[in-house]
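Working notes, beginning with the structure itself.
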Amino acid sequence: MKRGTPITELWTGIDTMMPKSTRFYFDKGDGVVMLLPAMMKAKFNSHHPFGWNDEAMKAAKGLQTYFSTGVYAQYGPISIQLQPEWYQGGNPSFEHFSQYGAATEESYSKVLLGNSSAFLNIGATAIGVSTSAVWFGPGQFSSLVLSNNATNFPHISFQSTRPALTFLGSFEWKLIAGKLNEDSAAGGLYENRHLKPAVLTDDTRYYNAVMVSFQPKFFKNLFIGASRAYQIYTRDFKNDQSGFIEKYLIVLNPGIKNGSIAGSNSNKGDQQLSVFTRWVFPKSHAEFYFEYGQNDHKANARDYALNVQAGAAYLAGFKKVFPIKQERFIELSGEMLQMSQSVDYLLRNTGNWYVHGQMAQGMTNDRQIMGAGSGFGNNVQTLRGSWVNGIQRMGVTLQRIQHDPVGLAGPGFFGHRLHNWNEMSYGVFGRYAYKRWIASLDMQLSFSKNYAWEGNVNRTNFYSMLNLAYIW
């Protein structure tokens with residue numbers, strides 16, 4: 001699905017650019033085998049970890065590399081994609097303090113299944129198993145609930161493959177259930193950031209998430225939707241004696257504690273809940289979107305109404321295109337992400353957006369945030385302008401990051417940090433295609449004031465991400 005439909009299973013291939021020679025048909029055209037592009041990525045940070053939405057790459061300093069290729073096959077209702085990935089990184093030590101970072105481990109190298117899947121397609125639906133990255137919501141640069149920031153995880157998926165038409169409008173959905181891991185030997189950012197190392201565990205977690213999007217028939221340029229995610233330690237999950245729906249599909253149960261299995265003593269998990277909307281204005285070549293989320297179960301409907309700001313996060317953004325001629329245009333886009341707690345945390349501490357209650361790791365997989373990867377409790381403002389000519393583009397990025405301004409782990413008054421760590425980033429990016437090659441490069445220079453919340457400690461970091469794709 002193209003960006004904008006709020007449910008996306010990410011695929012690193014570029015299907016619209018795949019030459020027909022890469023497709024091999026059999027059984028009179030009923031079956032097809034397609035070679036996927038060879039992908040190479042190289043990420044570099046000069047001083048401290050920066051950058052997100054890079055799947056299994058660590059939040060680390062230094063150089064990291066990635067390589068992937070694969071094959072896709074479909075015959076009748078069966079579709080299979082095998083797209084393994086190889087990662088390698090030096091993972092050197094970076095400057096860290098008591099509130100940020102930890103000693104790093106040695107260099108790493110790993111092979112993963114990457115964006116692989118096997119589905120049975122039935123009409124407008126599909127059911128199967130997958131390790132592909134999944135993106136929930138309308139965000140361009142971040143997602144509150146689920147994105148491609150963390151390492152892909154194995155999951156069972158039941159989803160729509162195209163909009164389901166009804167007399168009210170069209171629906172899309174995705175329901176997943178999978179397993180999350182915790183690598184306690186990873187070191188790095190997460191260990192000392194908000195939690196003591198002693199509370200972390202290698203125990204896996206059961207993860208259940210759902211996203212539903214509705215496009216009204218009477219207003220075809222409007223999307224309305226909601227998403228919900230829930231996790232619980234495997235040991236607690238196994239001890240749960242609830243029925244199938246209450247245990248395995250808990251996101252389909254009420255999102256309140258009273259009368260919900262999620263509030264019982266036998267189910268010690270955490271949830272996230274979000275609602276969103278997206279408006280498209282075709283004549284103006286523009287769109288606007290907004291997403292609002294809660295990181296905890298409320299006691300009841302009254303609690304939702306009276307404590308809107310407690311445990312909340314939101315994301316808002318826009319995109320505007322100025323056509324020039326044919327495939328050439330100027331694109332302006334922006335996004336504002338707010339994940340720090342509001343001032344009422346003094347009365348009701350709900351934790352940072354991804355860390356709450358029973359789960360020491362928060363909503364993470366292999367110590368990487370599963371949603372907005374800028375950091376726990378961060379606020380981010382992004383503005384980007386670009387010139388586009390077909391697949392080719394170039395532009396500039398301006399970004400401001402407030403690193404966890406509330407800082408409940410900090411030493412200040414009621415836990416509020418004594419120094420605010422603000423980071424300004426200025427970047428350029430571009431993408432160019434030549435024959436079967438597609439190359440893109442993103443470079444940013446960031447300036448940190450009060451780095452790691454240490455007063456008068458100012459640091460500079462250079463970040464780059466190179467992507468190369470070869471279409472077979």
(request) Please work out which residue is modelled with the lowest pLDDT, limiting yourself to the range 337-347 and to residues that are among the hydrophobic types (A, V, I, L, M, F, W, C) and surrounded by 17 or more Cβ atoms within 10 Å (Cβ to Cβ). (result) 339
(message) Restricting to the range 416-466, count the residues that are assigned to a loop (DSSP other than H, G, I, E, B) and under 19 Å from residue 95 (Cβ atoms).
(response) 10
(message) So, residue 358, is that one modelled with pLDDT under 95, of a type in the set (S, T, N, Q), surrounded by fewer than 16 Cβ atoms within 10 Å (Cβ to Cβ) and under 30 Å from residue 230 (Cβ atoms) or not?
(response) yes
(request) Could you check, for the range 51-68, whether at least one of its residues is modelled with pLDDT of 95 or more, under 30 Å from residue 122 (Cα atoms) and in a strand (DSSP E or B)? (result) yes
(message) For the range 317-331, give me the residue count where each residue is closer than 15 Å to residue 282 by Cα and either free of Cβ contacts under 8 Å to residues at least 60 places away in the same chain or of a type in the set (A, V, I, L, M, F, W, C) (or both).
(response) 6
(message) Any residue at all in the range 383-398 that's more than 30 Å from residue 433 (Cα to Cα) and either buried (at least 17 other Cβ atoms within 10 Å of the Cβ) or modelled with pLDDT of 85 or more (or both)?
(response) no
(request) Please identify the pairs in which a residue from the range 57-81 that is farther than 24 Å from residue 150 by Cβ has its Cβ atom under 7 Å from the Cβ atom of a residue that is aromatic (Phe, Trp, Tyr) and in a strand (DSSP E or B), counting only partners at least 6 apart or on another chain. (result) 79/119
(request) Could you grab me the full set of residues in the range 444-467 that are under 23 Å from residue 38 (Cβ atoms) and aliphatic (A, V, I, L, M)? (result) 465, 466
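The values are calculated or read from the model by the stated rules, or taken from the named source; none is laboratory data. In this text, all values refer to a predicted model and were calculated from it rather than measured experimentally. Methodologically, a virtual Cβ is constructed for each residue, glycine included, from the backbone with ideal geometry; neighbour enumeration extends over all protein chains shown.
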